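Scroll down for the structure; my scribbles are underneath it.
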Amino acid sequence: MTRVATGIAGLRGWRRAMFTVVAGALSVLAFAPVHAWPILFLTFGALVFLLDGCHAHHASLAPRLKCAALIGFRFGFGFFFAGLYWIAEAFLVEPWRHAWLLPFVMTAMPGGMALFFAAACALAIAMWLPGVGRIFALAIAFGLAEFARGHVLTGLPWNLLGYALLGTLPFMQLAALLGVYALSLIAVLLFASPASFFAPAGSGLAGRWPSAALAALMLAALGLGYVWGEQRLASAEVADTGVRVRIVQANVDQADKWRPENSEEIFTSYLDLTRSGGLDAIDLVVWPETAVPFLLADARDALALIGDVLPQETSLLVGSARLVEEGDAQGGLAARRIYNSLLVVDDKGAVLDAYDKRHLVPFGEYLPFQDFLESLGFMQMTGVRGGFSEGAGSLLLNVPGAPQARPLICYEIIFPDEIASRTERPGWLLNLTNDAWFGSSAGPYQHFHQARVRAVEQGLPLVRGANTGISAEVDPYGRILAEIGLGESGVADANLPHAIAPTLFVQFGSILETSLLALAFACWLACRVRPLRLRRAT
């Protein structure tokens, strides 16, 4: 291994650049749909040796920082290019409008996200120590970078490193304890720790017994975590609410959805699927995000047809664009806003309640500097002039005959800190999405996996309706109760489970995250202080 570490640390020029990008790209195999998480032992081990090279070959801090930041950027570019490649699918839905942007998007998006990894590696090299100290430095730096990635400039916590640990149900239970941000720090400690025992020849960075102890401790913790997860699942008994839910997935191709001639056919397909056998036993019907290609709240005939289909005391939860016009004091039109909304429709075709999406997708649902960019010919992917408006109001949705729901439209469900407040705990999560933009790529699988993790983190059941999949009902332990696969058309019926007691993450999430970071820093500090004492003693 010393020879391997020396060879990796000694790479220069295009060889180091290519090796680093490939290592980052291979890391994505740890996430959905592959979940080959052991690959991270190799890729993060390689990252440690690359940073060892920066430390060994540069005597002063400034060139070390530059070298480490460049390595982090390349590693991140490979990671995000491979992990977010499916975004390109959205630009090919209407290629005459958006295809010309592909070269810019597929360089700017991974490049922008890679800046977080560049910052992490620069911070890590500034804290670099021999042996196990450099592993704590790397974990602290990536833990901070992953948290920043989920919050800076509206955030995009997609494929956080902690998700690599949560690919199977037993491991997924760890999310109920710590949440994915804290698990991201733990993941780096785990996957980088075996490399701490080795280092490039002559660098003086190789570890001794503390390195072996850390690696053994992390591997033991991994095993204990799996056993605990198995036991938690074995003893998990979830009563259902008695509310029967039907999820409808019509599998409408995004390229066909907004053609006016298809509007009636699409609406009819949802009605036909809704009235499938067993409808009389259904209490709630769920259609996905922007299920129908018109403003449903303003379409009286369509609402009346929905009322005709729904049995008595059955409600429809449906995603639809919603137009709100605001008047001025003189009775004129002051503002016109379009919201990406979720509507509650009763058996008479009346809209009882609505939730407007709050966390909008930049460049997808709105343009930053909207007026300026539109003047240059840019338009967000939805094609809505002026973009969608940001919603406000309560985070809870009143659903007849069921516990209050926390509605989450599209990628709102990937933000762990925005799911629910401690004072207003919902009875279940309702996630409506339209992943048809991304075809049969890895994107919908990654999105669904992250949604399941939210259910486990919160201890809440999840009902997820997707236009082309993956639609499912998930219990508070992440177990799938009913599912419609990607690219399929049909319905899925299941009873809505009760929520379980608030998880440790719900009760102490931010405290646990801060405490874990502080503990890692204390361990790093101990690694730094001990050599200083030894030098003074000699």
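For region 3-35, give me each residue that is open to solvent by 40 Å² or more (accessible area, probe 1.4 Å) and within 29 Å of the chain's Cα centre (by Cα).
Result: 18, 19, 21, 22, 26, 29, 33, 34, 35.
Hey, any hits in region 305-314 for a residue that's surrounded by fewer than 17 Cβ atoms within 10 Å (Cβ to Cβ) and at positive phi?
yes
Small (Gly, Ala, Ser) and either modelled with pLDDT of 95 or more or part of a loop (DSSP other than H, G, I, E, B) (or both), is that true of residue 276?
When the stated conditions are applied, residue 276 passes them.
I'd like to check something: does region 280-301 contain any residue that is crowded, with 17+ Cβ neighbours inside 10 Å, charged (D, E, K, R) and either at pLDDT 95 or above or touching a Cys at 6+ places or on another chain (Cβ under 9 Å) (or both)?
Yes, region 280-301 has at least one match.
Quick check, is residue 285 over 22 Å from residue 462 (Cβ atoms) and either basic (Lys, Arg) or outside any helix (DSSP H, G or I) (or both)?
Here the answer is no, as residue 285 does not meet what is asked.
Considering only region 73-96, state which residues are of a type outside the set (A, V, I, L, M), open to solvent by less than 30 Å² (accessible area, probe 1.4 Å) and in a helix (DSSP H, G or I).
Once the filter is applied, which keeps residues that are of a type outside the set (A, V, I, L, M), open to solvent by less than 30 Å² (accessible area, probe 1.4 Å) and in a helix (DSSP H, G or I), region 73-96 yields 75, 76, 78, 79, 80, 83.
If residue 471 meets every condition in (1) of a type outside the set (Val, Ile, Thr); (2) within 28 Å of residue 352 (Cβ to Cβ); (3) out of contact with any Lys or Arg (no Cβ under 7 Å at 6 or more places or on another chain) apart from one, which number is that one?
(3)
Can you tell me which residue within region 394-433, out of those that are outside any loop (DSSP other than H, G, I, E, B) and of a type in the set (Phe, Trp, Tyr), is farthest from residue 497 (Cα to Cα)?
411
Residue 489: open to solvent by 10 Å² or more (accessible area, probe 1.4 Å), polar (S, T, N, Q) and either without any contact (Cβ under 8 Å) to a residue 24 or more places away in the chain or touching a helix residue (DSSP H, G or I) at 6+ places or on another chain (Cβ under 8 Å) (or both), yes or no?
Yes.
Filter region 247-263 for residues that are surrounded by 13 or more Cβ atoms within 10 Å (Cβ to Cβ), among the charged types (D, E, K, R) and out of contact with any helix residue (DSSP H, G or I) (no Cβ under 6 Å at 6 or more places or on another chain) and give the result.
253, 257
Take the residues in region 137-175 that are touching an Asp or Glu at 6+ places or on another chain (Cβ under 9 Å) and of a type outside the set (Gly, Ala, Ser); name whichever of them is nearest to residue 48 (Cα to Cα).
Top of the filtered list is 161.
With a cut-off of at least 3 residues that are open to solvent by less than 10 Å² (accessible area, probe 1.4 Å), name the strands (runs of 3 or more DSSP E) lying wholly within region 435-486.
The qualifying strands (runs of 3 or more DSSP E) are 462-466, 471-474.
Kindly establish whether residue 501 is at pLDDT 95 or above, out of contact with any Lys or Arg (no Cβ under 6 Å at 6 or more places or on another chain) and open to solvent by 10 Å² or more (accessible area, probe 1.4 Å).
Judged against the criteria, residue 501 is not a match.
Tell me the residue from 176, 206, 215, 182 that is in contact (Cβ under 8 Å) with a residue 12 or more places away in the chain, open to solvent by 10 Å² or more (accessible area, probe 1.4 Å) and in a helix (DSSP H, G or I), please.
215
Given (1) part of a strand (DSSP E or B); (2) buried (at least 17 other Cβ atoms within 10 Å of the Cβ), where does residue 323 come up short, assuming only one miss?
Every condition holds for residue 323 apart from (2).
Report yes if some residue within region 54-77 is farther than 30 Å from residue 2 by Cβ, among the hydrophobic types (A, V, I, L, M, F, W, C) and in contact with a Phe, Trp or Tyr (Cβ under 9 Å, 6 or more places away or on another chain); otherwise report no.
No, because not a single residue in region 54-77 is farther than 30 Å from residue 2 by Cβ, among the hydrophobic types (A, V, I, L, M, F, W, C) and in contact with a Phe, Trp or Tyr (Cβ under 9 Å, 6 or more places away or on another chain).
The values are calculated or read from the model by the stated rules, or taken from the named source; none is laboratory data. Quick caveat, the model's predicted, so the values are computed rather than measured. Please note: Cβ atoms are built from the backbone with ideal geometry, for glycine as well, and neighbour counts cover all protein chains shown. Keep in mind that these areas ignore ligands, DNA and RNA; they rest on the heavy atoms of the full protein, side chains included. Shrake-Rupley method; radii C 1.70, N 1.55, O 1.52, S 1.80 Å.
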